[in-house]
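Read the structure below first, then the notes.
The values are calculated or read from the model by the stated rules, or taken from the named source; none is laboratory data. What you are looking at is a predicted structure, and each value in this text was computed from that prediction instead of being measured. Neighbour counts run over all protein chains shown; Cβ positions are idealised from the backbone, glycine included. With ligands, DNA and RNA removed, areas are computed over all heavy atoms of the protein, side chains included. Shrake-Rupley method; radii C 1.70, N 1.55, O 1.52, S 1.80 Å.
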Amino acid sequence: MLKKYWYLFAISMLPIVELRGGVPIGVGMGFPFWQVYLVCVLGNLLPVPFLLLFGRRLLVWLARWPYVGPFFQRIINKADKAAQGFGRYEFFGLWAFVAIPFPGTGAWTGSVAATFLRMPLPRAIAAISLGVLTSGLIMGIASYGILEAVGIFL
């Protein structure tokens with residue numbers, strides 16, 4: 001049984017799949033909502049501090065490579081330019097970006113966005129964590145069904 005939880009935890013850590021894939025898989029395994037939610041949220045949040053600390057450094061390092069460097073430098077330049085316009089809405093914007101379970105959004109891409117916004121680490125972690133918690137609830141409602149999800153809270 002513990003092996004299945006580790007499997008669910010590992011799936012939620014993966015880029016692209018993240019919690020959005022982990023919750024439906026947990027439903028398919030027959031786990032109750034609160035267990036799936038807890039395991040998937042923790043798995044999705046584990047890589048965030050590392051991504052925030054080292055993400056920009058990795059992109060800058062890749063920008064120095066001969067063949068792929070120009071591609072990564074364009075990403076850095078565009079992100080830096082876009083980050084100038086966020087201002088006071090960056091926390092809410094990052095939370096919403098991570099919370100809405102669309103393809104290409106989530107904790108991984110939110111972490112990259114936060115590094116380009118040059119958000120302070122505690123603020124970025126808070127926005128991403130709230131986004132993951134919200135996304136987990138949305139995916140739980142979508143995966144378990146609205147009536148069962150409401151019954152969980154009653």
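Of all the numbered requirements in (1) part of a loop (DSSP other than H, G, I, E, B); (2) touching a residue at least 60 places away in the same chain (Cβ under 8 Å), Phe31 misses one, and that requirement is (2). Considering every residue within the stretch 68-83, establish whether at least one is assigned to a loop (DSSP other than H, G, I, E, B) and more than 19 Å from the chain's Cα centre (by Cα). Among the residues of the stretch 68-83, at least one is assigned to a loop (DSSP other than H, G, I, E, B) and more than 19 Å from the chain's Cα centre (by Cα), which makes the answer yes. Restricting attention to the stretch 92-111, and to residues there that are open to solvent by 60 Å² or more (accessible area, probe 1.4 Å) and part of a helix (DSSP H, G or I), which single residue is nearest to Ile76 (Cα to Cα)? Across the stretch 92-111, the extreme among qualifying residues is Trp108. Of the numbered criteria (1) of a type outside the set (A, V, I, L, M, F, W, C); (2) more than 22 Å from Ile141 (Cβ to Cβ); (3) open to solvent by 40 Å² or more (accessible area, probe 1.4 Å), the one Gly69 fails is (3).
Within the stretch 119-139, can one find any residue that is part of a helix (DSSP H, G or I), at pLDDT below 90 and open to solvent by less than 60 Å² (accessible area, probe 1.4 Å)?
Going through the stretch 119-139, the residues part of a helix (DSSP H, G or I) turn out to be 121-139.
With the extra rule that they be at pLDDT below 90, the set shrinks to none.
The answer is no; no qualifying residue exists.
Residues of the stretch 5-28 that are under 30 Å from Gln73 (Cβ atoms), surrounded by fewer than 18 Cβ atoms within 10 Å (Cβ to Cβ) and touching a residue at least 24 places away in the same chain (Cβ under 8 Å): Pro15, Ile16. Of the residues Leu51, Leu59, the single one that is out of contact with any Asp or Glu (no Cβ under 9 Å at 6 or more places or on another chain), assigned to a helix (DSSP H, G or I) and at pLDDT below 90 is Leu59.
Looking only at the stretch 30-44, residues that are of a type in the set (S, T, N, Q) and crowded, with 21+ Cβ neighbours inside 10 Å come to 1 in all. Sub-7 Å Cβ pairs linking a first residue in the stretch 104-120 that is in contact (Cβ under 8 Å) with a residue 60 or more places away in the chain and of a type in the set (Phe, Trp, Tyr) to a second residue that is open to solvent by less than 10 Å² (accessible area, probe 1.4 Å) and in a helix (DSSP H, G or I), at least 6 apart or interchain, are Trp108/Glu18, ordered by first then second residue.
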